[in-house]
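Below is one structure, written out as structure tokens, with a few remarks after it.
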Amino acid sequence: MARKKESLQNEAALDMTPMIDCVFLLLIFFMITTVFKNPSQLKMVLPEAWHPVKIEQVKITVEIDGDGNMAINGKPTTLDQFDAFLVAEKNKTQTKSIVIRADQNAKHGDILKMMKLAKAVGIEQISMAVVDLNQIEENKAK
């Protein structure tokens, strides 16, 4: 009778190692193939344009919303601290170009102040982010 109980206990054991290996391989696959959207610090609606030019490499993104809140590469800042933050990011990324993501309700004067301060710290190329109306029309047609 004792032999029967031992044989049942040995047969009931399952080896979970292959299944755990498969789960880890799937996890690694999904982590590597996932594309993350560039997070935006501020909630905003970008202005629209018909023929925008796409910029290939962006290292510094400056954001301003309709209430005047600002962020540089996702880090909140104020207009008084803007030039110091921009110099730090410029030195860290070794770039002389920025992209301004301004809400369509942002004050024109604040955007101009940002551009003036950027030129003062050595930024040579300033671009504005917009919504491409051509893409919207193409998506509607499909």
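Computed values, structure above
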| read-out | value |
| --- | --- |
| Among the candidates Ala120, Ala129, residue that is modelled with pLDDT of 85 or more and of a type outside the set (Lys, Arg) | Ala120 |
| Residue pairs meeting the criteria (Cβ under 9 Å; at least 6 apart or on separate chains; first free of Cβ contacts under 8 Å to residues at least 12 places away in the same chain, in the range 62-78; second of a type in the set (D, E, K, R)) | Asp67/Asp103 |
| Matching residues, the range 45-66, being part of a loop (DSSP other than H, G, I, E, B) and either at pLDDT 85 or above or aromatic (Phe, Trp, Tyr) (or both) | Trp50, Ile60, Asp65 |
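The values are calculated or read from the model by the stated rules, or taken from the named source; none is laboratory data. Worth saying up front: this structure is predicted, and the values here are computed from it rather than measured. Heads up, the Cβs are rebuilt from the backbone with ideal geometry, glycines too, and the neighbour counts pull from every protein chain shown.
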